[in-house]
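S.K.: Shown below is the structure under consideration.
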Amino acid sequence: MQYLFHTPIPVAWLLEDVLTLAITLLIFIFVIQKSKHPVVALLEGFAFVCLYASIYENFAVVQGWYIYGKSLLMIGDVPLSVPLIEMDVVITTLWLLEKMGIPNWCKPFIVGFFGMLQDLSMDPVAVRQVFTVQNVTSGRWSWILQAGMVNIYNIPVYNFSGWMLILGYATIFILIGRWWFKRSGYKPAVGYAYPFLAILLALITLVTPLSQFLLWLGPFSPKGSQAEWVMLWFHLILPTILLAVFWRGRMKQVVTLKNDLPIFAIIILFHLADILFAVSAGFTEILWLILSASLVHIILLGLICHAGTKAKEAPTNTTLLFEP
């Protein structure tokens with residue numbers, strides 16, 4: 001493995017970071033161009049990355065759950081690309097859901113579900129990206145597993161359910177904040193305040209006993225037990241049922257490549273990158289999982305796009321936030 005500018009950062013890691021930064025920039029450009037309240041929308045993203053995801057990820061590193069390899073852009077001990085990917089999924093999935101005729105209370109579950117599909121593709125590759133240079137071994141992302149913990153390719157099962165919580169909690173309070181902003185008549189003071197209040201409440205909720213229950217049925221079952229499998233399947237099946245029962249193909253707006261390019265970029269390019277890195281590195285044992293998660297995610301996007309073409313009454317214009 002070659003290294004760039006003689007730094008201990010593999011080219012593969014740099015390419016992944018560059019892809020994340022490029023897609024994030026694309027999202028920001030679209031938000032600024034198309035959102036009715038671009039500053040508020042950007043504040044949602046800023047608060048999520050800097051005051052929520054990065055704080056939790058650094059907390060996990062301090063707790064000794066896992067460690068990250070070095071990246072050119074770090075927030076503490078965490079590569080910037082990690083919270084950026086989480087933010088990108090939240091923004092684009094909410095954007096997609098606003099075009100769908102689905103109740104607001106369902107949206108946190110669907111956002112978390114889309115995040116889990118992204119993670120089932122991404123994380124198995126990350127934990128296998130281990131390189132040695134000058135007798136120093138470094139991993140992209142390394143879990144410190146206790147003996148006997150249930151896992152998927154050396155990743156704790158609860159990690160994947162955790163995406164449902166991290167993204168779902170943030171979505172709940174962001175939606176409440178948007179409702180407050182709209183009810184206020186879009187007062188700037190409310191718009192500038194609610195992203196930070198929402199993220200603070202999400203962070204507090206994330207560290208409550210509720211999270212342990214939703215990850216491994218704590219306190220009734222211990223961390224690392226078979227209960228983690230039960231909760232993983234619960235978090236996969238429940239959103240599927242919600243889509244089947246409460247969406248059923250209803251669309252408010254058409255989803256198009258021109259108007260909604262970042263949505264396609266997140267779902268297709270990230271999965272494609274995971275597949276390419278896995279194939280090129282010979283990670284054949286995890287390829288079935290990556291392909292399965294990618295296929296389900298892309299099929300869902302295809303069904304949503306198809307439903308939009310069938311809904312003749314659905315307008316083609318797009319507003320990313322705050323329906324009029």
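The values are calculated or read from the model by the stated rules, or taken from the named source; none is laboratory data. It should be emphasised that the depicted structure is a prediction, and the values quoted were computed from it without experimental measurement. Cβ sites come from the backbone with ideal geometry, for glycine too, and all protein chains shown count toward neighbours.
Matching residues to (1) of a type in the set (V, I, T); (2) buried (at least 18 other Cβ atoms within 10 Å of the Cβ):
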residue	(1), (2)
L214	no, yes
V254	yes, yes
N259	no, no
L276	no, no
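S.K.: Could we say that A189 is in a helix (DSSP H, G or I), buried (at least 16 other Cβ atoms within 10 Å of the Cβ) and modelled with pLDDT of 95 or more here?
M.R.: Considered against the rule, which asks whether it is in a helix (DSSP H, G or I), buried (at least 16 other Cβ atoms within 10 Å of the Cβ) and modelled with pLDDT of 95 or more, A189 comes out as no.
S.K.: Same structure, new question: Would you check which residues across segment 224-272 are among the hydrophobic types (A, V, I, L, M, F, W, C) and within 16 Å of V157 (Cα to Cα) and list them? Outline the logic, then answer.
M.R.: Start the filter on segment 224-272 by keeping residues that are among the hydrophobic types (A, V, I, L, M, F, W, C), which leaves 227, 229-234, 236-238, 241-247, 251, 254-255, 257, 261, 263-270, 272.
Within segment 224-272, A227, W229, V230, M231, L232, W233, F234, L236, I237 meet the criteria.
S.K.: Here's a follow-up. Select from segment 199-220 the residues that are of a type in the set (G, A, S) and either in contact (Cβ under 8 Å) with a residue 40 or more places away in the chain or touching an Asp or Glu at 6+ places or on another chain (Cβ under 8 Å) (or both) and list them in ascending order. Write out each step before concluding.
M.R.: Applying the first criterion (of a type in the set (G, A, S)) to segment 199-220 yields 202, 211, 218.
Within segment 199-220, A202, S211 qualify.
S.K.: Quick test for you: out of S184, S221, S142, pick the one residue that is of a type in the set (G, A, S), surrounded by fewer than 17 Cβ atoms within 10 Å (Cβ to Cβ) and farther than 26 Å from L243 by Cβ.
M.R.: Values: S221 fails: surrounded by fewer than 17 Cβ atoms within 10 Å (Cβ to Cβ); S142 fails: surrounded by fewer than 17 Cβ atoms within 10 Å (Cβ to Cβ).
Of the residues listed, the single one that is of a type in the set (G, A, S), surrounded by fewer than 17 Cβ atoms within 10 Å (Cβ to Cβ) and farther than 26 Å from L243 by Cβ is S184.
S.K.: Which one is modelled with the lowest pLDDT, of the residues in segment 303-324 that are of a type outside the set (K, R) and loosely packed, with under 12 Cβ neighbours inside 10 Å?
M.R.: First, pick out the residues of segment 303-324 that are of a type outside the set (K, R): 303-309, 311, 313-324.
Next cut, loosely packed, with under 12 Cβ neighbours inside 10 Å only: 313, 316-317, 323-324.
On the way: E313: 55, T316: 55, N317: 55, E323: 49, P324: 35.
For segment 303-324, the residue satisfying everything is P324.
S.K.: Identify the residue in segment 130-173 that is hydroxyl-bearing (S, T, Y) and outside any helix (DSSP H, G or I) and, among all such residues, is modelled with the highest pLDDT.
M.R.: Going through segment 130-173, the residues hydroxyl-bearing (S, T, Y) turn out to be 132, 137-138, 142, 153, 158, 161, 169, 171.
Among the residues that remain, those that are also outside any helix (DSSP H, G or I) are: 132, 137-138, 142, 153.
Values: T132: 62, T137: 56, S138: 66, S142: 91, Y153: 94.
For segment 130-173, the residue satisfying everything is Y153.
S.K.: Also: Filter segment 68-80 down to residues that are over 21 Å from V11 (Cβ atoms) and surrounded by fewer than 17 Cβ atoms within 10 Å (Cβ to Cβ), then give me how many there are. Explain how you work it out, then say what you get.
M.R.: Our first condition is that a residue be over 21 Å from V11 (Cβ atoms); within segment 68-80, this holds for 75-77.
Now narrow it down to the ones that are surrounded by fewer than 17 Cβ atoms within 10 Å (Cβ to Cβ): 76-77.
Qualifying residue count, segment 68-80: 2.
S.K.: Any idea which of L289, L257, L295 is touching a residue at least 40 places away in the same chain (Cβ under 8 Å) and either under 20 Å from the mean Cα position of the chain (by Cα) or within 30 Å of F28 (Cα to Cα) (or both)? Steps first, answer last, please.
M.R.: Values: L257 fails: touching a residue at least 40 places away in the same chain (Cβ under 8 Å); L295 fails: touching a residue at least 40 places away in the same chain (Cβ under 8 Å).
Going through L289, L257, L295 in turn, just one is touching a residue at least 40 places away in the same chain (Cβ under 8 Å) and either under 20 Å from the mean Cα position of the chain (by Cα) or within 30 Å of F28 (Cα to Cα) (or both): L289.
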